[in-house]
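Just below is one structure, and these are the notes that go with it.
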Amino acid sequence: MKAFLHQSFCFLVGLMFVTTAGAATIEGIVLTDSGPAEGAKVVAYRTFADLTAKANAVVSVEGGKPGQYRIDLDPGKYYLTASSQRQGQSFFAYHGLNPITIADAYQWIPFFVLPETKLNCEVGYQGIGGRVLYKETPLRHGSVTAYRLDDEPFRGMGVLTNSLPAEGTFWFDLTPGRYVVIARQRQEPDAIGPLKKGDLFCYTPTNPIEVNPAHACQVDLRCYPRDDLDHFLSQDVLDPRGKRLAARKDSSLEKASIQETGRGGAIDGPIAIIAGRVINLDGQPMPGLVVSAYPADALPLFQMYVLRFKADSIAKTDDKGFYRLEMRPGSYYLVAREKVGDAPNEGEHYGLYEGSANHSLSVQGGETKTGVQIVVESIMP
Amino acid sequence: MILRTVLLIASLLFCLPGLALADSAELVLADVVLHEDTVWRGTITVDGVVVVGRGAVLTIEPGTTVRFRYRDRNHDAIGDSELRVLGGIRAQGTAERPIVFTSAEPNPSPKDWSYLLIFTSGKKNQLEYCQFSYAFSGLQVHFSTAEVHDCLFRENQEGLRFGRAKMSLHHCLITQNTIGVRFTRMEGPVEIQHNEINNNQTGVFLVPSGQNIVDFFEPGRTGKPWNEGHLDISANNIRSNREYNLKLGAKQRWDLQVGRNWWGTSTATAVAGTIFDQQRDAELGRALIEPLALKSIPDAGIR
């Protein structure tokens, strides 16, 4: 009996340790546009590779109410997905903030699941195309990006970024390989950084998509609005939030901040900094422009195609035209312009760094280069 | 060492604002950015990349020769020397005193130098009575505005190439290049009129650029004639090109109006034989050649 009590005590102490210093409880609700998705499951993966292979998954249990879930996770970064079934239709969500950092504190993470899309690949022009849909209507504006798997966590411009035309269609010429295709629509078209409330995030559960030689793949991306339940739900659906709306919103991910740069993730080792100002031909500061740094190490010459590469670092100029870029040590081509992810346009203010004939600048780890000026002007008069 | 010193002094001198060179001076420029308005005359040798900075305008006087040395720093068998214009360029020669852009090599050949590139310029650039030889592309214009007339493009890999641009190309002779005119992106407005385009391997090559990957063309390429009214290719003599007078590149699915040109014959069937379009590749758009010019355009080419 004494031994039993001792073992029980040790078990309880151990449980307390796990609870207080280990796993965090995550709760939330999974919603379709017609309300809570009963029987929905949320699955957490440590890496995107695990998500793709559906390996090493931590699966949620049902919560106290329809559509709600609960999952206990050790602190760390996770790729979270949700899925449900209804009347033979499969629904899916990939959280737009993946990978999400789970601390040792309670979090409420809602999911908006969408009907699953299918991938159709057949002999044709090599690449990936399709439509971007929100509420089954083509998305008129926004951008769509193709990422290679090593672009994880899939933020920034990826290997290819296109603006969406009014038809909501896209097409990417791609070399054979596996790609993750994601679309986004921001309410502030020139915004960069994490998506804000109401911005659309569009995904397909068929990611990653494999491009084979001489094969064309077609797929639809479906969108949900970040943290905007009012917009997501169909008009005739009751709001499931009830009296606890304020509490839930406080613990939601609305205020989560993930730096959205082309490189994604943290920089190993000492960072390098390039800072300066963007001005026009009259010497006036240019606020609100995007300054991008493209890797130049492997290229002895500036050629236009380097600007199709993924930018390593992106920043926006402040009210006085100042910018600050953090990057890995190396050489970079610097460009200042009004937009991200589109070719230069008529009337757009555009400029290259002109401190060298190939428009590049080198910076060492731990070094800060200041006073790096870029002159822009409106192009194509 | 002496050469380096000369290059350095020349480069420093050249950065002085408003400097005009005497006819007798032969200036050698290595990698340098011109930040002030500059005038070139006489003979200029480019041994690397010369950039006309934003805010600066390069004026090249009639009779000037700009020679480009062969340098291949990226080992792609294309000379790297280049004149890159971010600011503006006014190269206005005359029939009697044209401006020459050519190779500095003793035995010149195509691709000895890269190009005169006008890139994201905010000026209305003008080139007239200019001669381009032995380049990869004599002239490239991207995201810029340029008027090019009475110019000669001969013995280059490409006579000229342009993408998203406001371009007027008229009264030029484009001959003996691998590709005479290459229009990528298929965006305009572009006017190609009253030119003589002959004895190239391909006269005019219209292609959406498959290399451009950041939204450099309409996503989806649905075949919608979205560029209608932005491209005017008319009143040209496009004839005697070895492979095709006109070729549509892969994925160029739009039908294109190319009427009122002289193709070396007035028979529609014979003209079609010199064109690579939907008749040879069902995935491509059609070159709409009607109405055909029934005889050679008399005022096409350099005046």
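The values are calculated or read from the model by the stated rules, or taken from the named source; none is laboratory data. What you are looking at is a predicted structure, and each value in this text was computed from that prediction instead of being measured. No Cβ is skipped: glycine too gets one built from the backbone with ideal geometry, and neighbour counts run over all protein chains shown.
Name the residue that is nearest to B:THR94 (Cα to Cα), counting only residues in the stretch B:148-165 that are charged (D, E, K, R) and more than 12 Å from chain A (Cβ to nearest Cβ). Filtering the stretch B:148-165 for residues that are charged (D, E, K, R) and more than 12 Å from chain A (Cβ to nearest Cβ), the one nearest to B:THR94 (Cα to Cα) comes out as B:ASP150. Regarding B:VAL141, is this residue closer than 20 Å to B:VAL46 by Cβ, of a type in the set (Val, Ile, Thr) and under 11 Å from the mean Cα position of the chain (by Cα)? Judged against the criteria, B:VAL141 is a match.
Any residue at all in the stretch B:75-96 that is facing chain A (nearest Cβ under 10 Å), charged (D, E, K, R) and part of a loop (DSSP other than H, G, I, E, B)? Yes, that holds for at least one residue. Of all residues in the stretch A:364-381, those that are away from chain B (no Cβ under 14 Å), closer than 24 Å to B:ASP31 by Cα and in contact with a Gly (Cβ under 7 Å, 6 or more places away or on another chain) total 3. Tell me yes or no: at least one residue of the stretch B:140-153 is assigned to a loop (DSSP other than H, G, I, E, B) and modelled with pLDDT of 95 or more. Yes, the stretch B:140-153 has at least one match. Within the stretch A:65-95, the set of residues being of a type in the set (Gly, Ala, Ser), farther than 15 Å from A:LEU31 by Cα and not in a strand (DSSP E or B) comprises A:GLY88 only. Among the residues of the stretch B:226-256, those identified as surrounded by fewer than 18 Cβ atoms within 10 Å (Cβ to Cβ) and not in a loop (DSSP other than H, G, I, E, B) are B:ASP232, B:SER234. If you take the residues in the stretch A:329-356 that are at the interface with another protein chain (Cβ under 7 Å from one of its Cβ atoms) and buried (at least 18 other Cβ atoms within 10 Å of the Cβ), which one is modelled with the lowest pLDDT? Across the stretch A:329-356, the extreme among qualifying residues is A:GLY341. Before we move on, is B:LEU206 at pLDDT 95 or above, away from every other protein chain (no Cβ under 14 Å), outside any loop (DSSP other than H, G, I, E, B) and under 24 Å from B:GLU283 (Cα atoms)? Spelling it out, it is not the case that B:LEU206 is at pLDDT 95 or above, away from every other protein chain (no Cβ under 14 Å), outside any loop (DSSP other than H, G, I, E, B) and under 24 Å from B:GLU283 (Cα atoms). Could we say that B:GLY55 is touching a Lys or Arg at 6+ places or on another chain (Cβ under 9 Å) and either part of a loop (DSSP other than H, G, I, E, B) or facing chain A (nearest Cβ under 8 Å) (or both) here? So B:GLY55 does not fit the description; no.
Checking the structure you have, find out if any residue of the stretch A:118-130 is at pLDDT 90 or above, within 20 Å of the chain's Cα centre (by Cα), more than 10 Å from every other protein chain (Cβ to nearest Cβ) and crowded, with 18+ Cβ neighbours inside 10 Å. Yes.
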